[in-house]
1. Hey, rough spin-label estimate for Ile22 and Val86, points 7 angstrom out along Cα→Cβ, what's it come to in nanometres?
2. Where Lys and Arg each count +1 and Asp and Glu each count -1, what net charge lies around Gly3 among other residues with Cβ under 13 Å from its Cβ?
3. Determine the per residue accessible area of the range 59-106 with all protein chains present and a 1.4 angstrom probe, expressed in square angstrom.
4. Going through the range 1-62, which trypsin sites (Lys or Arg not before Pro) have at most 12 other Cβ atoms within 10 Å and a DSSP loop state?
5. Output the peptides 4-14, 68-78 sorted from most to least packed, where packing is the average of other Cβ atoms within 10 Å over each peptide's residues.
Amino acid sequence: SGGSPGPVASAPWVEKVIQYTINQGVSRDQIIVALGSYGYDWPDGQKGSSLTNTKARSLASQYGATIYRNGDSGCLYFNYTDSSGVAHEVWFEDSVSLGQKAALSQEYQLGGLAFWRLGFYTEQIWSSILTNTNHPNASTWQQRAPQTDNFPVKDADEEGGTTIENNGTFVPQS
């Protein structure tokens, strides 16, 4: 929260840490990937404060902000200006970004996953994690939760252009 705005832990960064740990001789079955389903809201020039996926989506809706998916990290972000005129940058996790990290545990045949904090996970996030780790209960969760989040997200490319990934109606998740 004291650093500059950006993802909590991007999928490429997590993969580099996994590779480094394996190269240090740590047994794969002793490596646990910790997934945090939260993000940070950074007021301009100040420390960021943590927020849940649901709170981030509510802020975006409240301020009419467009949510973008960062191509490098896989994480979501948006900007808004609060009622006091302070600009904010918000970065947070969702089912796609957490699913990418969960898949790394499967790909590298690691010891498992840890979750912070259990109350922060939506049905879409659980469905994505189970699907990306080939969990036998994945099909049950897929029936409970849609595979796409029901709110608009845009992809930002290197040239600054955007493409709409899911142009649904924003619905806060519980």
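1. 4.3
2. Result for the neighbourhood of Gly3: 0.
3. For the range 59-106, the solvent-accessible area averages 36 Å² per residue.
4. Filter output for the range 1-62: Lys47.
5. Top of the packing list down: 68-78, 4-14.
The values are calculated or read from the model by the stated rules, or taken from the named source; none is laboratory data. The model shown is predicted, which means the values in this text are computed figures rather than measured ones. As a convention, Cβ positions derive from the backbone with ideal geometry for all residues, glycine included, and neighbour counts pool all protein chains shown. Surface areas here come from the heavy atoms of the whole protein model, side chains and all, with no ligands, DNA or RNA. Shrake-Rupley method; radii C 1.70, N 1.55, O 1.52, S 1.80 Å.
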